Amino acid sequence: MRLTPLWLAMWSGPRTISTALMRSWENRDDCIVWDEPLYGYYLNATGIQHPGATEIIATQGSDADGITARCIGDIPQGKLIYYQKHMTLHLLPQLNHNWLNSLVNCFLIREPEAVIASYSAVRSDATLNDIGFTQQANLFDEVRTMTGKIPLVIDSREFLLDPETMLRAICDRLGIDFTPKMLSWPKGKRDSDGVWAKYWYDSVWNSTGFAPYREKTYKLCEKDQRIAAEARPYYEKLYRYRLQP
């Protein structure tokens, strides 16, 4: 068991397995999670209208300095692991990035066709910036330069093909013990879920573990095909560094 604290930031775009992975970490006895700390800041700064935007800003707050200070501050409830589910698009260019030095920054990726198909079901006016691929690639380069090391990259599809093997490899990479508790969790809502969960988290609320991966064919409109094609080079850039147990 790890004896030193771990501040762990998992950076992804929307509609990956990010919420299910957060559930997995939350089910550890030594871990507490924070769901998208910068969502309120992002919505307030950009004025973008997401479902429930006013409520999200009110509950998450929009003080970036205060939020990021909490991200690297004392771990709540005396836990050893502080798992933070972050969206890359929330890390706006004007935000100070110095706080990232105090985190172990990891990256969760998914094929762009799958992401845009899922995202467009909730927000039909999606753009490339909305799904975070360019921001993720830029942040990956920044973290790599900052640390002198290749950050941990997890591909959602390959993770779902063998969750236990992948979780064991992730824990090994991070220097912590794997626990089978990470493979399943109680069904339902969590107090840790953001207030936006009612718009996005139905499948996770109904889950008790990672759903088996199923190959799908995505029928995208012309606009979404164009977005997926623009996103693919950024996805492939990180995919080449993905964890392969």
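The values are calculated or read from the model by the stated rules, or taken from the named source; none is laboratory data. This is a predicted model, so every value here is computed, not measured. Counting neighbours? That spans all protein chains shown, and the Cβs are built from the backbone with ideal geometry, glycine included.
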Is at least one residue of the stretch 74-90 in contact with a helix residue (DSSP H, G or I) (Cβ under 7 Å, 6 or more places away or on another chain) and farther than 20 Å from LEU21 by Cα?
no
Filter the stretch 213-241 for residues that are of a type outside the set (Ser, Thr, Tyr) and either touching a Pro at 6+ places or on another chain (Cβ under 9 Å) or surrounded by 18 or more Cβ atoms within 10 Å (Cβ to Cβ) (or both); the one that is nearest to LYS85 (Cα to Cα) is LEU238
Among THR59, THR46, which is polar (S, T, N, Q) and farther than 30 Å from LYS181 by Cβ?
THR46
Those residues of the stretch 81-132 which are among the hydrophobic types (A, V, I, L, M, F, W, C), at pLDDT 90 or above and in a loop (DSSP other than H, G, I, E, B) amount to LEU91, LEU92, LEU95, LEU103, LEU128
Taking the stretch 164-202 and keeping only residues that are among the charged types (D, E, K, R), in a helix (DSSP H, G or I) and over 22 Å from LEU243 (Cα atoms), one is left with LYS198, ASP202
Take the conditions within 18 Å of ARG15 (Cα to Cα) and in contact (Cβ under 8 Å) with a residue 24 or more places away in the chain and apply them to SER124. Does it pass?
no
Return the residue satisfying two criteria in turn: it lies in the stretch 1-24 and is over 9 Å from the mean Cα position of the chain (by Cα) and assigned to a helix (DSSP H, G or I), and of such residues it is nearest to ARG173 (Cα to Cα).
SER24
Do any residues in the stretch 153-172 that are closer than 13 Å to TYR239 by Cβ have Cβ atoms under 8 Å from those of residues that are surrounded by fewer than 22 Cβ atoms within 10 Å (Cβ to Cβ) and among the aromatic types (Phe, Trp, Tyr), where the two are at least six apart or on different chains, and which pairs are they?
VAL153/TYR239; VAL153/TYR241; ASP155/TYR239; ARG157/TYR213
Within the bounds of the stretch 12-27, is there any residue that is more than 28 Å from ARG144 (Cα to Cα) and at pLDDT 95 or above?
yes
Those residues of the stretch 203-224 which are of a type in the set (A, V, I, L, M), in a loop (DSSP other than H, G, I, E, B) and closer than 23 Å to ALA126 by Cβ amount to LEU220
Quick one: TYR201 ticks every box in (1) surrounded by 15 or more Cβ atoms within 10 Å (Cβ to Cβ); (2) touching a residue at least 12 places away in the same chain (Cβ under 8 Å); (3) out of contact with any Gly (no Cβ under 9 Å at 6 or more places or on another chain) bar one, so which box is it?
(3)
Positions within the stretch 145-182 being hydroxyl-bearing (Ser, Thr, Tyr) and farther than 16 Å from ARG23 by Cβ, in sequence order
THR145, THR147, THR165
Is it the case, given these coordinates, that GLY188 is surrounded by 15 or more Cβ atoms within 10 Å (Cβ to Cβ), closer than 27 Å to PRO76 by Cβ and either free of Cβ contacts under 8 Å to residues at least 40 places away in the same chain or touching a Phe, Trp or Tyr at 6+ places or on another chain (Cβ under 8 Å) (or both)?
no
